[in-house]
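Worksheet for the structure shown next.
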Amino acid sequence: MKKTISGRILCIDEEDRIISIKVSNQIMFFYLQRSMVNRIGKYLSISRFIQFVIDDEKRVYRGRKVSNIDYVLKVMEIRRRKNIIYYDIMNIKEGTRDLINSLDTKMFLDLEMSMHPYQQDKTFKQEIIQVGFYLVDKNDEIIEEYSQIIKPTTHPILTKRTLKFLEITQEDVDNGINYKDFYEHFSQLVEKYAPAIIVWGRNDFLALRESYKLNKLPSLKKRTRYINLLKIHKNYFNLKNDLGLFNALKLYTSDNGKQIHNALEDAMATYKIFKGFQLVLNNERNINLKDYQ
């Protein structure tokens, strides 16, 4: 059973990630997950007011009965004239809505990477071998649909693991374009449209940044702006674990198909999730996340 707790912080055990609060004249202890501490730990201080939601079941942790904090609603310092708000989930949700609604030209991007061989190879470097994206304007009109297989620069022969996972052939890759051709086209689009690049998770934009170094080309890091839709979902809905792309897609659509790890298909999935999430932000629809919270 979920329960909202409010009160002043009496004590903070940073090592065990436990705070104590006086509730109904009784001192109670509450446990924060590491990810939560990373997010709001800098705002926690003795005597500050905190409000959060817990699962009412208690457990023994390091000799103390604790309740797990599901998510924090507010951290503030109560003052006579004007309170200082350090963290407010409602402000964050409003900021998320404003950010998503403000985006103009958007690129929904997905990459597929080469995979390590079954036997350990310390010289192996993962490379981008497939790119898919949809570039849309502020009215969601498609400016460009892009799908290309890219020939690896360092390891031109794909591993058996890669071929099996992506269900492509070596011939497909041999007939692909050079990385430099993709880079030049991508760079031109970034220069012309300055799109917000929407990705699901961190891996894709990290892979792009690594690919510039690998191919000895100028970094586009300062010219690109990435929106990690997975992280936004995790923060907005207070999810403890990462949400898979196709599990997220099922929240917004009736699509129950199997993910086939195709970059363009995954880019379209990201686009559909974005549009569904935007409706949720603007109170135009509801979704059920009970299985993921």
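The values are calculated or read from the model by the stated rules, or taken from the named source; none is laboratory data. The shown structure was predicted, so the numbers you read here are calculated from the model rather than taken from an experiment. Ideal geometry is used to build each Cβ from the backbone, glycine not excepted, and the neighbour counts take in all protein chains shown.
Rundown of residues vs (1) at pLDDT below 95; (2) within 19 Å of Val136 (Cα to Cα); (3) in the same structural domain as Glu15 (by TED's automatic domain parsing), yes/no style:
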site: Tyr61; (1), (2), (3): yes, no, yes
site: Tyr71; (1), (2), (3): yes, no, yes
site: Arg79; (1), (2), (3): yes, no, yes
site: Lys82; (1), (2), (3): yes, no, yes
site: Gly95; (1), (2), (3): no, no, no
site: Phe108; (1), (2), (3): no, yes, no
site: Ser114; (1), (2), (3): yes, no, no
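Being touching an Asp or Glu at 6+ places or on another chain (Cβ under 8 Å), basic (Lys, Arg) and surrounded by 14 or more Cβ atoms within 10 Å (Cβ to Cβ) is a description that does not apply to Lys138. Checked against (1) part of a strand (DSSP E or B); (2) out of contact with any Gly (no Cβ under 6 Å at 6 or more places or on another chain); (3) modelled with pLDDT of 95 or more, Ser67 meets all criteria but (3).
On the basis of being farther than 30 Å from Thr224 by Cα and touching a residue at least 12 places away in the same chain (Cβ under 8 Å), does Phe108 make the cut?
Here the answer is no, as Phe108 does not meet what is asked.
Scanning segment 22-46 for residues that are more than 22 Å from Ile92 (Cβ to Cβ), out of contact with any Ser or Thr (no Cβ under 8 Å at 6 or more places or on another chain) and at pLDDT 95 or above turns up just one, Ile46. Each residue in segment 180-239 was checked for being among the acidic types (Asp, Glu) and over 24 Å from Val136 (Cα atoms), and 1 of them qualify. Number of residues in segment 82-103 that are among the charged types (D, E, K, R) and within 19 Å of the chain's Cα centre (by Cα) equals 4. Within segment 54-70, the only residue that satisfies the criterion of being among the aliphatic types (A, V, I, L, M) and surrounded by fewer than 17 Cβ atoms within 10 Å (Cβ to Cβ) is Val60.
Among the listed residues Lys221, Lys234, Lys164, which satisfies the condition of being under 30 Å from Gln278 (Cα atoms) and surrounded by fewer than 16 Cβ atoms within 10 Å (Cβ to Cβ)?
Lys221
Condition test on Lys192, is it surrounded by fewer than 18 Cβ atoms within 10 Å (Cβ to Cβ), assigned to a helix (DSSP H, G or I) and at pLDDT 95 or above?
Yes, satisfied.
Return the residues of segment 71-103 that are in a loop (DSSP other than H, G, I, E, B) and either in contact with a helix residue (DSSP H, G or I) (Cβ under 6 Å, 6 or more places away or on another chain) or surrounded by 13 or more Cβ atoms within 10 Å (Cβ to Cβ) (or both); say none if nothing qualifies. If the condition is that a residue be in a loop (DSSP other than H, G, I, E, B) and either in contact with a helix residue (DSSP H, G or I) (Cβ under 6 Å, 6 or more places away or on another chain) or surrounded by 13 or more Cβ atoms within 10 Å (Cβ to Cβ) (or both), then Leu103 is the only one that fits.
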